[in-house]
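Heads up: the structure comes next, in structure tokens.
The values are calculated or read from the model by the stated rules, or taken from the named source; none is laboratory data. What you see is a predicted model; the values in this text were computed from it and never measured. Methodologically, a virtual Cβ is constructed for each residue, glycine included, from the backbone with ideal geometry; neighbour enumeration extends over all protein chains shown.
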Amino acid sequence: MFGYVRICKDELKVREYNLFRSYYCGLCKSLKKEYGFASRMGLSYDVTFLALLLSSICDENTKFLPERCIVSPHRKKPIAKNTDALSYSADVNVILTYAKLKDDWHDEHSFKALLCLPLFFGAKRKIKKKNPELLEKVQLHLANLSEFEREKCAETDRLANEFGEILKEIFYASPNTDETQKRILSHIGYGIGRFIYIMDAYEDIEKDKKEKSFNPFLLSGDAISAEEVRESLMFTLSEISNSYQLLNIKRNKPIIDNIIYLGLSESLEKVFNTDKTKEKEINERSI
């Protein structure tokens with residue numbers, strides 16, 4: 001979906017990587033079971049992280065059963081099965097994928113997004129019945145975000161805050177968590193949302209400039225300092241890690257540590273090290 005919340009594969013043991021893949025495949029199976037085959041096209045590592053994190057702080061033990069799948073039809077592999085964390089993460093995946101398709105059609109007139117949207121109508125109806133409160137809250141913040149974009153808001157932090165609120169609501173509403181856990185999770189979700197929005201906007205500066213698409217960095221009227229944006233994101237990552245340390249992780253800690261401390265930083269460096277010698281400076285540009 002966004003692709004910034006990932007593992008740092010080189011630093012994981014083979015066993016740990018295979019375990020992460022078991023959750024990824026488990027989320028894929030949950031999507032198919034609850035929302036049909038088409039819903040799996042939005043499967044993401046970002047939401048797999050949510051499933052892994054929620055599975056790792058609850059008392060419910062995850063079962064792993066050998067199964068075949070469409071990617072590996074001839075060989076069975078262990079797949080995480082039927083937990084509340086996976087079911088909730090499947091809900092989240094559908095909500096975010098549907099929102100992303102609508103956004104791609106609205107902003108970029110993506111023909112691919114237009115073709116895919118009808119495939120999610122049934123899934124959205126199910127979500128409206130199963131988790132109407134979460135859907136309503138996410139849609140409210142998305143509507144606010146769309147309004148800011150229509151107004152051509154140039155305040156990147158304001159926009160990032162609104163996207164952070166979306167993930168804050170998602171992490172807070174997680175099942176089988178007490179109020180203390182929910183507050184900690186909401187801080188983690190908010191930080192990740194802010195990180196994703198700013199990373200995505202910064203990485204897309206040149207593309208959005210060429211396509212005349214909305215991007216707050218292009219509207220600010222000020223020179224864009226890559227180092228300032230990077231420092232802001234580094235601060236956000238430190239806030240995420242500080243909140244994460246307050247959680248009681250009961251299992252899978254090496255994998256989650258890898259994502260929080262290495263994977264997110266690796267995503268950051270990948271974007272900002274694309275061209276170290278050339279800082280992006282855009283002056284008084286308008287869409």
Report summary line: Going through segment 148-166 in order, the residues found to be over 15 Å from the mean Cα position of the chain (by Cα) and in a helix (DSSP H, G or I) are 148, 149, 150, 156, 157, 158, 159
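Is it the case that some residue within segment 100-115 is over 20 Å from residue 213 (Cα atoms) and buried (at least 18 other Cβ atoms within 10 Å of the Cβ)?
Taking segment 100-115 as the starting set, the residues that turn out to be over 20 Å from residue 213 (Cα atoms) are 115.
Adding the requirement that they be buried (at least 18 other Cβ atoms within 10 Å of the Cβ) leaves none.
Within segment 100-115, none of the residues are over 20 Å from residue 213 (Cα atoms) and buried (at least 18 other Cβ atoms within 10 Å of the Cβ).
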**Report entry** Residues of segment 141-160 that turn out to be more than 18 Å from residue 208 (Cα to Cα) and out of contact with any Asp or Glu (no Cβ under 9 Å at 6 or more places or on another chain), as a count
**Finding:** 4
Query raised in the report: If a residue has to be under 14 Å from residue 119 (Cα atoms) and free of Cβ contacts under 8 Å to residues at least 40 places away in the same chain to count, how many in segment 67-97 make the cut?
Result: 0
Report task. Mind listing just one residue for me: the one in segment 167-183 that is surrounded by 22 or more Cβ atoms within 10 Å (Cβ to Cβ) and within 22 Å of residue 261 (Cα to Cα) and, of those, nearest to the chain's Cα centre (by Cα)? Result -> 167
Report task. Exactly one condition in (1) of a type outside the set (D, E, K, R); (2) buried (at least 19 other Cβ atoms within 10 Å of the Cβ); (3) in contact (Cβ under 8 Å) with a residue 40 or more places away in the chain is not met by residue 164; state its number. Result -> (3)
Query raised in the report: Since residue 176 meets every condition but one in (1) at positive phi; (2) in a helix (DSSP H, G or I), which condition does it not meet?
Result: (2)
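Show me the helices (runs of 4 or more DSSP H) found entirely inside segment 70-133 where at least 3 residues are among the β-branched types (Val, Ile, Thr). Spell out how you get there, then give the answer.
Working: elements: 84-108, 111-116, 121-130.
So the answer is 84-108.
Could you list, in sequence order, the residues of segment 268-287 that are touching a helix residue (DSSP H, G or I) at 6+ places or on another chain (Cβ under 7 Å) and either in a loop (DSSP other than H, G, I, E, B) or at pLDDT 95 or above (or both)?
First, pick out the residues of segment 268-287 that are touching a helix residue (DSSP H, G or I) at 6+ places or on another chain (Cβ under 7 Å): 268, 271-272, 279-280, 282, 285-287.
Residues satisfying the conditions are 268, 279, 280, 282, 285, 286, 287.
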Report summary line: Within segment 11-36, the residues that are out of contact with any helix residue (DSSP H, G or I) (no Cβ under 9 Å at 6 or more places or on another chain) and surrounded by fewer than 16 Cβ atoms within 10 Å (Cβ to Cβ) are 14, 15, 18
Query raised in the report: Is segment 206-218 home to any residue that is in contact with a Phe, Trp or Tyr (Cβ under 8 Å, 6 or more places away or on another chain) and at pLDDT 95 or above?
Result: no
Requested in this report: Would you confirm whether any residue within segment 75-84 is β-branched (Val, Ile, Thr), within 15 Å of residue 170 (Cα to Cα) and surrounded by 13 or more Cβ atoms within 10 Å (Cβ to Cβ)?
Outcome: no
Query - Residues that are more than 19 Å from residue 260 (Cα to Cα) and not in a helix (DSSP H, G or I), drawn from segment 12-41 - result: 36
Query raised in the report: Pick from segment 133-161 the residues that are charged (D, E, K, R) and surrounded by 17 or more Cβ atoms within 10 Å (Cβ to Cβ): which of them is modelled with the lowest pLDDT?
Result: 149
Report summary line: The number of residues in segment 98-116 that are of a type in the set (Gly, Ala, Ser) and either touching a Pro at 6+ places or on another chain (Cβ under 9 Å) or in contact (Cβ under 8 Å) with a residue 40 or more places away in the chain (or both) is 1
Query - Answer residue from segment 42-60, given it is over 18 Å from the mean Cα position of the chain (by Cα) and not in a helix (DSSP H, G or I) and is surrounded by the fewest Cβ atoms within 10 Å (Cβ to Cβ) among those - result: 59
